[in-house]
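The values are calculated or read from the model by the stated rules, or taken from the named source; none is laboratory data. Keep in mind the model is a prediction, meaning the values are calculated, not measured. Glycine also receives a Cβ, built like all others from the backbone with ideal geometry; neighbour counts cover every protein chain displayed. Protein only, heavy atoms only, side chains kept; ligands, DNA and RNA dropped before computing areas. Shrake-Rupley method; radii C 1.70, N 1.55, O 1.52, S 1.80 Å.
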Amino acid sequence: GGKLMSAKEYDNFILRFEFLLYTNSNNGLAVRAPLGGDAAYNAMELQILDDSGPQYTKLQPYQYHGSIYGVVPAKRGHLKPVGEWNHEEIVAQGRRVQVILNGTTIVDANIDEASTPKTIDGKDHPGLQRTSGHIGFLGHGARIAFRNMRIKELEGGK
């Protein structure tokens, strides 16, 4: 459990990393987050989840792996089986967020359009308005492994 947040704040970037899921792994990736509060609402939280696990048989579409929690559902079917390394790339540029999992784009969203007139979960997500913040891994008490994390800052937004 617990959060591991970047010391630096980022606005536009490409983040690449590999992750290994175990049965019922659950973690989140905070994007443009403040250091405090719940990143699912005070920033954007991207799901990192073994959504094939027995604990997660009744999820909402916006809760599956790669989704922007409560805001944008991800395309399913691109996770490797539990115990195999996955490669993920997050591109955050201006109001556009992309999630590429194992070479397939599973999210390509304009977060303004995705939250207008309201978010898919019907809840307030003020963090969607943030233009910069920390990047963080949000432990939810489940086992998961990460490696080969790299970040590249990008110029300007779209």
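Could you order peptides 36-48, 101-113 by the average number of other Cβ atoms within 10 Å of their residues, highest first?
By packing density, highest mean first, the sequence is 36-48, 101-113.
3J(HN,Hα) along region 31-42: 10, 6, 9, x, 6, x, x, 8, 4, 4, 10, 8 Hz, from the Karplus curve 6.51 cos²θ - 1.76 cosθ + 1.60 with θ = phi - 60°, whole Hz, x for Gly and Pro.
In order along region 4-9, the phi-based Karplus estimate (6.51 cos²θ - 1.76 cosθ + 1.60, θ = phi - 60°) of 3J(HN,Hα) comes to 10, 9, 5, 6, 8, 9 Hz; Gly and Pro are listed as x. Spacing of the modelled spin labels on Lys80 and Ser6, each 7 Å from Cα toward Cβ, amounts to 2.4 nm. The packing ranking of peptides 92-100, 22-30, highest mean first, is 22-30, 92-100, where packing means the average number of other beta carbon atoms within 10 angstrom of each residue. Put one equal scatterer on each alpha carbon of the chain, apply the Debye formula with no solvent term, and list log10 I(q)/I(0) at q = 0.11, 0.14, 0.20 1/Å to two decimals. Values, matching the q order: -0.37, -0.63, -1.39. Summing charges over all other residues whose Cβ lies under 12 Å from the Cβ of Tyr22, with Lys and Arg as +1 and Asp and Glu as -1, gives -1.
Taking every alpha-carbon pair under 8 Å whose residues sit at least 6 apart, region 39-158 reaches a relative contact order of 24 percent.
Whenever you get a sec, compute what percent of the accessible area on region 1-85 sits on carbon and sulfur atoms (1.4 Å probe). The C+S portion of the solvent-accessible surface of region 1-85 is 49 percent. Heavy atoms of the protein chains alone define the surface here; on that basis the chain has 48 Å² accessible area per residue at 1.4 Å probe size.
Local charge for Phe146 was computed over the other residues whose Cβ lies under 12 Å away, with Lys and Arg +1 and Asp and Glu -1, and equals +2. Rg and Dmax, both from the Cα atoms of region 99-150 and both in Å, are 14.5, 38. In terms of packing, defined here as the mean over residues of other Cβ atoms within 10 angstrom, the peptides 83-90, 115-122, 64-71, 133-140 line up highest first as 64-71, 133-140, 83-90, 115-122. Remark: region 74-85, residue by residue, has Karplus-estimated 3J(HN,Hα) of 8, 5, 9, x, 10, 6, 6, x, 3, x, 10, 6 Hz, where x stands for each Gly or Pro and the curve is 6.51 cos²θ - 1.76 cosθ + 1.60 at θ = phi - 60°.
Using a probe radius of 1.4 angstrom, the carbon and sulfur fraction of the accessible surface of region 90-158 is 46%.
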